[in-house]
1. What is the P(r) of the chain, as percent of Cα-Cα pairs per 10 Å bin from 0?
2. Figure the gain on full extension for Asp32 and Glu63 (residue separation times 0.36 nm, minus the Cα-Cα span) and round it to one decimal in nm.
3. Using only C-alpha positions, report the orientation-averaged shadow area of the convex hull of the stretch 105-149, nm², one decimal.
4. Can you give me the pair-distance distribution of the stretch 168-220, C-alpha pairs, 5 Å bins, whole percents?
5. Helix-only estimate, please: 222 nm mean residue ellipticity of the chain, summing -39500 (n - 2.57) across DSSP H runs of length 4 or more and dividing by its residues, to the nearest 500.
6. Mean Kyte-Doolittle hydropathy of -1.0 or higher plus an axial Cα length of 20 Å or more: which whole DSSP H helices in the chain meet both?
7. Two decimals is fine: what's Rg over Rh for the stretch 134-247, C-alpha atoms, Kirkwood radius as Rh?
8. Suppose each label sits 7 Å from its Cα in the direction of the beta carbon; what would the Lys245-Asn51 distance come out to in nanometres?
Amino acid sequence: MKSILKGIFIALIALIVFSCGEKEAKVQETKDRVFVIGTNAEYPPFEYLENGKIVGLDPDIIEAIFQKLGYQYKWANIEFGGLISALQTGKIDMVIAGMSITPERAKMVQFTSPYLTSKVAFVTNQKKPIKGMDDLENKKYGAELGTTKENTAKNISGSTVVPFQNNTSALLALKNGQIDGIVLDESVAEEYVKNNSDLLLVGILEGEPKAIALGKNDKDFDKINEALVQLVNDGTIEKLKEKYKVK
């Protein structure tokens, strides 16, 4: 009987040791993992290039999350329209790009809790082809391909929507008079107007919640989401929004 009990005791100890070792191995695996984070660095103040480096509100949020978790990461700068597919095919592990939560996207990826809500703005040029928010119908709009802004423009009665691979191309088309306006996040629109004296902010619509996207089965989703929520609750995100003048 004693020998049987002794055998059971030894087996239990072995199981505990194995379980602990397996848990430590999983933790180490995450520590060794280098997350590839996809973004589209043409969307100041959310993300943009400065001296060849991706900077802005979203990169600062990622840095704060990964410092908190002790994880490693690197950036992949991709056209916005290709970010979701790159995530689904495993080319990248996460997306942060001022991306709004939509039911369609939520079918393909899992979103963290929102870290801000940004309003939608309409920008025109000095020729004023759009006189105000009551003059949006039957106009030609530029919007970044695959964004919720593209859908916003399409929902305007009589509108013609020209999708662009990036906002820089849309901005150039607006300046050249090829389109009547562009649809952007409010903070991005204000940045463009501030830096381009020939542009005018027409008006603003209600906002959209933005979040980080990860693959449907990413094992580190809960930890990343928890770290993000902590940064929202402790005021870190609010301070970063103030730093970049994001509303």
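1. 7, 28, 29, 17, 8, 5, 3, 2, 1, 0
2. Details: separation 31, 0.36 × 31 = 11.16 nm, distance 1.67 nm.
That works out to 9.5 nm of additional length.
3. Working: hull surface 19.9 nm².
Computing the convex hull of the Cα atoms and averaging its projections yields 5.0 nm².
4. 4, 16, 23, 18, 11, 10, 8, 6, 4, 1
5. Values: 9 runs with 102 residues, N = 247.
About -12500 deg cm²/dmol.
6. For the chain, where a helix must reach 20 Å along its axis and average at least -1.0, the hits are 2-32.
7. 1.05
8. Placing both labels 7 Å beyond Cα along the Cβ direction yields 2.1 nm.
Bear in mind that the values in this text are calculations on the coordinates, not laboratory data. Predicted, not measured: the structure shown is a model, and the values here were computed from it. As a convention, Cβ positions derive from the backbone with ideal geometry for all residues, glycine included, and neighbour counts pool all protein chains shown.
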